[in-house]
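Colleague: Mind looking over this structure? Questions follow.
A short reminder: the numbers here are calculations on the coordinates, not readings from a lab. Not measured: the values here are computed from a predicted model. Please note: Cβ atoms are built from the backbone with ideal geometry, for glycine as well, and neighbour counts cover all protein chains shown.
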Amino acid sequence: MTGVSTTGGTGPLPLDLAIRLTAFRFLERLTQFHGEALPYQALAAGFEFEGVRVPLLGPQGIFKPQVMELPLSIMTSPPSANHPRPYDDGFEADGQIRYRYRGTDIGHRDNVGLREAMRRGTPLVYLHGLCKGKYKAVWPVVVVGDDPASLCFMISAEDHVHVLARLESGELTAPDPAAELRRRYVSREAHQRLHQAAFRERVLHAYRERCSVCRLQHPELLDAAHIIPDREETGEPVVSNGLSLCKLHHAAFDKNIMGIRPDYVVQVRQDVLEETDGPMLLHGLQGMHERKLELPSRRIWYPDRDRVEERYEAFRKAG
């Protein structure tokens, strides 16, 4: 490979930035195909650039492909039963990511690489583990702070259209007076989407990727429904406050056409049971009445009975 490569923009880019731009475009295609939960295998396989395979992640959290000058991605591992969050990465109130150093040596080459990316304004990819084998990609992100005392970098999400325009024009380090305000807004939005994606993947995993009412097994047609809405105090994004529901039954549950009794039995509103309106109503809703909810594979993930009872009372009042 040569030291520079061309893009479709204003002219040649340094090799590192050209590969980075290709990575961002690859992630767009990958997300269109897989949705927000990207499989580890696809990220590890990566993409081809001028005959060389470039992975998106590696065994360590800060990842720099051999062909690049600076890190391409940072990664937070998914939670497990023994390690709810393997590394001490977290989110600030404004949505910024507090990302741990590699080890405790501030001079480790990975930490030095992120520090240099901060100095140059170089955009990266953040890969957040949702569950085993699934990651949510947030890109571009930039390193906006370095705190050696706490062994942490501060990472902010950026607007991809803005960053790509600056990258292609070679203006990454040019003054950007609106950067802080824009990044705060984009980071909050990215944080919200990340938590929504994490909730969905964990709920669908608990229910073996099938609708808990009708047993439909097409993940692309499934949602994670909150038992208590997330706008309410007890509406936490935890598996025990979730149900895996297909699009039809999620809508019916949200609109109180369908309810779940505290003994996990499906109820359909009486006026809907009395309607006559073709096979979809008959088999899709009326046929689910008095059906036992299919429960998760582990008891710890079962729907919380207090929340179910509270929601069922709302269903009864609506009927």
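Colleague: Go through segment 64-71 residue by residue and turn each phi into a ³J(HN,Hα) via Karplus (6.51, -1.76, 1.60, θ = phi - 60°); whole Hz please, and just put x for glycine and proline.
Modeller: Karplus values, whole Hz, x for Gly and Pro: 10, x, 4, 7, 10, 7, 10, x.
Colleague: Continuing with the same structure: Using a simple spin-label model with points 7 Å from Cα along the Cα→Cβ vector, what separation in nm is obtained for Ala178 and Arg119?
Modeller: Result: 3.0 nm between the two label points.
Colleague: On to the next question. Please list, by residue number, everything in segment 111-127 whose backbone N is under 19 Å from a paramagnetic label point 7 Å out along Cα→Cβ of Asp147.
Modeller: 111-112, 114-116, 118-119
Colleague: Next up: Take Leu167, Leu281 and order them by how many other Cβ atoms sit within 10 Å, fewest up front. Intermediate values should be presented prior to the final figure.
Modeller: Working: Leu167 23, Leu281 15.
Listing Leu167, Leu281 from fewest to most nearby Cβ atoms yields Leu281, Leu167.
Colleague: Can you tell me the 0 to 90 degree angle between the C-alpha axis of helix 109-120 and the longest principal axis of the chain, rounded to 10?
Modeller: 80 degrees
Colleague: Can you give me the C-alpha center-to-center distance between segment 105-124 and segment 43-77, rounded to a whole angstrom?
Modeller: The two parts, judged by their Cα centres, are 15 Å apart.
Colleague: If you don't mind, another one. Fewest first, what order do Thr104, Thr22, Thr234 take by the number of other Cβ atoms within 10 Å?
Modeller: Thr104, Thr234, Thr22
Colleague: Still on this structure, I have one more. Using a cut-off of 13 Å between alpha-carbon atoms, which aspartates and glutamates can reach Lys317, once sequence neighbours fewer than 8 places away in the same chain are excluded?
Modeller: Those aspartates and glutamates meeting the cut-off are Glu309.
Colleague: For Arg98 and Thr276 in one chain, what is 0.36 nm times their gap in residues minus the Cα-Cα distance, to one decimal in nm? Mind showing how you got there, number by number?
Modeller: On the way: separation 178, 0.36 × 178 = 64.08 nm, distance 5.57 nm.
Working it through step by step, the gained length comes to 58.5 nm.
Colleague: Ok, one more. Under a plain spin-label model, where a point goes 7 Å from the Cα along Cα-to-Cβ, how far apart in nm are Tyr302 and Ala42?
Modeller: 3.6 nm
Colleague: Can you give the extra length, in nm with one decimal, that the chain gains between Arg208 and Glu313 once fully stretched, where that is 0.36 nm per residue apart less the Cα-Cα distance? Before the final figure, lay out each step's value.
Modeller: Working: separation 105, 0.36 × 105 = 37.80 nm, distance 2.79 nm.
35.0 nm is the gain from fully extending Arg208 to Glu313.
Colleague: Could you list Thr276, Thr122 so that the one with the fewest beta carbons within 10 Å of its beta carbon is first and the one with the most is last?
Modeller: Working: Thr276 7, Thr122 24.
So the residues, fewest neighbours to most, are Thr276, Thr122.
Colleague: Mind checking which aspartates and glutamates have their Cα closer than 20 Å to the Cα of Lys134? Skip sequence neighbours fewer than 8 apart in that chain.
Modeller: Lys134 reaches Glu28, Glu36, Asp88, Asp89, Glu201, Glu209, Glu220, Asp223.
Colleague: Report ³J(HN,Hα) in whole Hz for each residue of segment 46-54, in order, from the Karplus equation J = 6.51 cos²θ - 1.76 cosθ + 1.60 where θ = phi - 60°; Gly and Pro get x.
Modeller: Once rounded to whole Hz, the list reads x, 9, 9, 10, 6, x, 10, 7, 10.
Colleague: On to the next question. Which distance in Å, rounded to a whole number, links the C-alpha centroids of segment 239-261 and segment 290-316?
Modeller: Cα centroid to Cα centroid, the span is 10 Å.
Colleague: Evaluate E = 1/(1 + (r/R0)^6) for His34 and Gln192, where r is the Cβ-Cβ distance and R0 equals 25 Å; express this FRET efficiency to the nearest 0.05. Show your work: numbers first, answer last.
Modeller: Numbers: r = 20 Å, r/R0 = 0.81.
After rounding to 0.05, the efficiency reads 0.80.
Colleague: Can you list the lysines whose alpha carbon sits under 28 Å from that of Lys136, skipping same-chain ones fewer than 8 residues off?
Modeller: In chain and number order, the partners are Lys64, Lys247.
Colleague: Further, regarding this structure: Out of residues 5 or more away from Cys152 or on other chains, whose amide H comes under 5 Å of its own, with H placed 1.01 Å from N in the peptide plane?
Modeller: Tyr101, Asp147
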